[in-house]
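Engineer: Structure in structure tokens, see below.
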Amino acid sequence: MKPKVLLALPPPADVLARIQRECDAIPSGQRGAFTKPDLLAALSDVDGVLSHTRVPFDAEVFAAAPQLRVVSNFGVGYDNVDVAAATRHGVLVCNTPGVLSDAVADLTLGLIVALARNVVQTERLVREGQWGRGAAMLGLDLKGKQLGIIGFGRIGRAVAKRAEAFGMSTCFADQFSDAPSGYEYCAYRSLEDLLRESDFVSLHVNLTADTAKLIGARTLALMKPTAFLVNTSRGGVVDQVALVDALREGTIAGAALDVLEREPPAEGDAILDAPNVILVPHIGSATKETRRAMLDLAVDNLLVALRGDIPECTVNPEAVARA
Ligand code: DGY
């Protein structure tokens, strides 16, 4: 009998056909439609899930899924999954690292350029008949500015390479590493020193208990009043209330956010009216090529796990010992 898989995102026909060669697939609605009650109702006889980073897998969900062997996330992040609970239930959790690093790094540099050159404000001036007028016309050079990268994994390093090409100096803070070889131009700093020194601060950490609200009132106060914050990681890494205060009070000069604490933001969320902030809708990995590569990798992970092997991109290979 073929394993049964739940598809929490609707794959294109060729990918669906590939899955169906080895599995009985339960098609989903739209991406994002899965809530916890949906999962509790759907998982009682399911062996694998092709998931995404907004589907919540907690201990209660795993307890309701006795046959489940793999959650294959379409995304590098996996903060939607209680990995310890997955491991206890013998469920492998897989993700899609690597294939999206360039796309996220490209967007990060795009946001840095947009902040430095007032791209969003000046675009508005054109539409308002104010061509060439106003203080926003004059931006800042990136050459010679310092970029502080918090989290120096694959994406942080891809950002450093690009910033180097723009003539920026770069430094990084990372809880796991203080001297990655091949990146000698990017100096290690403590988090505090990085925040004090940098003209731009860019976040590239996973959301964990250690990094939740890493950027809050205390850390924002360390930044220069002329500095900018860029977040293409997870909204929960920034205390958004503290950020709105910092933007209103001029503690920092501005921010660009691809991710928010709540996505999409609630109507009337203070971040929507905060000054000097650029907001984009979690598009870090959203290019046609990258999204396809992520899907192919997520499906590889799903099928390898259902064949009884441990996919390379497994977050908790120790779960097999519990299966
Ligand atoms: C990821 O891969 O984690 C991105 O945020 C897309 O969801």
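Engineer: Could you grab me the full set of residues in the range 290-310 that are closer than 29 Å to V238 by Cβ and out of contact with any helix residue (DSSP H, G or I) (no Cβ under 8 Å at 6 or more places or on another chain)? Steps first, answer last, please.
Structural biologist: Initially, the range 290-310 is screened for residues closer than 29 Å to V238 by Cβ, giving 290-291, 293-295, 297-298.
Of everything in the range 290-310, those that are closer than 29 Å to V238 by Cβ and out of contact with any helix residue (DSSP H, G or I) (no Cβ under 8 Å at 6 or more places or on another chain) turn out to be R291, A293, M294, L297, A298.
Engineer: Can you go through A173, A160 and tell me which one is touching a Lys or Arg at 6+ places or on another chain (Cβ under 7 Å), of a type in the set (A, V, I, L, M), buried (at least 21 other Cβ atoms within 10 Å of the Cβ) and within 23 Å of L100 (Cβ to Cβ)? Explain how you work it out, then say what you get.
Structural biologist: Details: A160 fails: touching a Lys or Arg at 6+ places or on another chain (Cβ under 7 Å).
Unique residue meeting the criteria: A173.
Engineer: Something else about it: Can you report the number of residues in the range 64-82 which are farther than 14 Å from C313 by Cα and in contact with a strand residue (DSSP E or B) (Cβ under 9 Å, 6 or more places away or on another chain)?
Structural biologist: Narrowing the range 64-82 to residues farther than 14 Å from C313 by Cα: 64-69, 79-82.
Cutting the leftovers down to in contact with a strand residue (DSSP E or B) (Cβ under 9 Å, 6 or more places away or on another chain) gives us 65, 67-69, 80-82.
Adding up the residues that qualify gives 7.
Engineer: Need a quick list: strands (runs of 3 or more DSSP E) entirely within the range 182-245 having at least 3 residues that are closer than 22 Å to P265 by Cβ and either within 16 Å of the ligand (Cβ to nearest atom) or in contact with a helix residue (DSSP H, G or I) (Cβ under 8 Å, 6 or more places away or on another chain) (or both).
Structural biologist: On the way: elements: 186-188, 200-203, 228-231.
The qualifying strands (runs of 3 or more DSSP E) are 200-203, 228-231.
Engineer: Follow-up question, since we're still on this one. Exactly one of these conditions fails for S44: (1) more than 23 Å from the chain's Cα centre (by Cα); (2) under 17 Å from D300 (Cα atoms). Give me its number.
Structural biologist: (2)
Engineer: Let me ask you something else. Let me spell it out: the conditions are (1) of a type outside the set (K, R); (2) under 20 Å from T208 (Cβ atoms); (3) at pLDDT below 95, and D58 meets all of them except one. Which number is the exception?
Structural biologist: (3)
Engineer: Report, by residue number, each residue of the range 84-119 that is away from the ligand (no atom under 14 Å from the Cβ) and either of a type in the set (S, T, N, Q) or not assigned by TED's automatic domain parsing to the domain that holds I150 (or both).
Structural biologist: A84, A85, A86, T87, R88, H89, G90, V91, L92, N118
Engineer: Related question: Any idea which of G139, G129 is surrounded by 15 or more Cβ atoms within 10 Å (Cβ to Cβ), of a type in the set (G, A, S), out of contact with any Ser or Thr (no Cβ under 7 Å at 6 or more places or on another chain) and in a loop (DSSP other than H, G, I, E, B)?
Structural biologist: Working: G129 fails: surrounded by 15 or more Cβ atoms within 10 Å (Cβ to Cβ).
From the options G139, G129, the qualifying one is G139.
Engineer: Looking at the range 223-282 only, could you name the residues that are among the small types (G, A, S) and touching a strand residue (DSSP E or B) at 6+ places or on another chain (Cβ under 9 Å)? So that I can check it myself, show each step before the final result.
Structural biologist: Quick first cut of the range 223-282, residues among the small types (G, A, S) only: 227, 233, 235-236, 242, 246, 250, 253-256, 266, 268, 270, 274.
Scanning the range 223-282 gives A227, S233, G235, A242, A246, A253, G254, A255, A256, A274.
Engineer: Among the listed residues V76, V49, V71, which satisfies the condition of being touching a Ser or Thr at 6+ places or on another chain (Cβ under 9 Å) and assigned to a loop (DSSP other than H, G, I, E, B)?
Structural biologist: Numbers: V49 fails: assigned to a loop (DSSP other than H, G, I, E, B); V71 fails: assigned to a loop (DSSP other than H, G, I, E, B).
Going through V76, V49, V71 in turn, just one is touching a Ser or Thr at 6+ places or on another chain (Cβ under 9 Å) and assigned to a loop (DSSP other than H, G, I, E, B): V76.
Engineer: Still on this model: Go through D38, D47 for me and flag whichever is under 14 Å from V91 (Cα atoms), surrounded by 14 or more Cβ atoms within 10 Å (Cβ to Cβ) and assigned by TED's automatic domain parsing to the domain that holds G90.
Structural biologist: Numbers: D38 fails: under 14 Å from V91 (Cα atoms).
Among D38, D47, only D47 is under 14 Å from V91 (Cα atoms), surrounded by 14 or more Cβ atoms within 10 Å (Cβ to Cβ) and assigned by TED's automatic domain parsing to the domain that holds G90.
Engineer: Another question about this same structure. Cβ contacts < 7 Å: first residue under 23 Å from T208 (Cα atoms) and in the same structural domain as Q240 (by TED's automatic domain parsing), restricted to the range 261-272; second residue of a type in the set (G, A, S) and buried (at least 16 other Cβ atoms within 10 Å of the Cβ), any location; separation 6+ or different chain. Result?
Structural biologist: Sorted first by the residue in the range 261-272, then by its partner, the pairs are E261/G235; E261/G236; E263/G235.
Engineer: Continuing with the same structure: Looking only at residues that are more than 16 Å from the ligand (Cβ to nearest atom) and charged (D, E, K, R) in the range 246-300, which one is nearest to L9 (Cα to Cα)?
Structural biologist: So the residue we want is E267.
Engineer: Test D38 against the stated conditions and say whether it is acidic (D, E) and assigned to a helix (DSSP H, G or I). Walk me through how you get there before you give the answer.
Structural biologist: On the way: acidic (D, E): yes; assigned to a helix (DSSP H, G or I): yes.
Criteria met by D38.
Engineer: Got at least one residue in the range 72-82 being away from the ligand (no atom under 16 Å from the Cβ) and closer than 22 Å to V304 by Cβ?
Structural biologist: Residues of the range 72-82 away from the ligand (no atom under 16 Å from the Cβ): 82.
Still in the list and also closer than 22 Å to V304 by Cβ: none.
No, the range 72-82 has no match at all.
Engineer: Can D38 be described as at pLDDT below 90 and either touching a Phe, Trp or Tyr at 6+ places or on another chain (Cβ under 6 Å) or not aliphatic (A, V, I, L, M) (or both)? Give the steps one after another, and end with the answer.
Structural biologist: On the way: at pLDDT below 90: yes; either touching a Phe, Trp or Tyr at 6+ places or on another chain (Cβ under 6 Å) or not aliphatic (A, V, I, L, M) (or both): yes.
The answer is yes for D38.
The values are calculated or read from the model by the stated rules, or taken from the named source; none is laboratory data. Keep in mind the model is a prediction, meaning the values are calculated, not measured. For neighbour counting, all protein chains shown are included, and Cβ atoms are generated from backbone atoms with ideal geometry for every residue, glycine included.
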